[in-house]
Amino acid sequence: MTAQDKELEQLHDTIVSDVNSLVDKYMSIVGWDVPENDEDEAKIKILAIIKDTIKKIEEEN
């Protein structure tokens, strides 16, 4: 295991937490701005945006 692998292993839980916080952040914003908010649909759409962004980042490398 390389030093980079060890560092990323240590960061794993933080990264997971950050992504969950990001989803929660945008769920809250949509909930505040859209009175008739459908939480399940909003989460699906937010996750789709995140997945598309990750795909674009992967394609850049």
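What follows is calculated from the coordinates using simple rules that are stated; it is not laboratory data. All figures in this text were calculated on a predicted structure; none of them were measured in a lab. Positions of Cβ are backbone-derived with ideal geometry, glycine not excepted, and every protein chain shown enters the neighbour counts.
Structure summary
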quantity	calculated
Between 0 and 90°, nearest 10: helix 39-60 axis offset from the chain longest Cα axis	40 degrees
Over the chain: Rg over Rh, Cα atoms, Kirkwood Rh	1.13
Degrees, to the nearest 10: 3-33 long Cα axis against longest axis of the chain	10 degrees
Dipole magnitude (debye, nearest 20) for the range 17-60, charges at Cβ of Lys, Arg, Asp, Glu	120 debye
Tally of Lys pairs whose C-alpha atoms are under 23 Å apart, taken over the chain, 8 or more apart or cross-chain	10
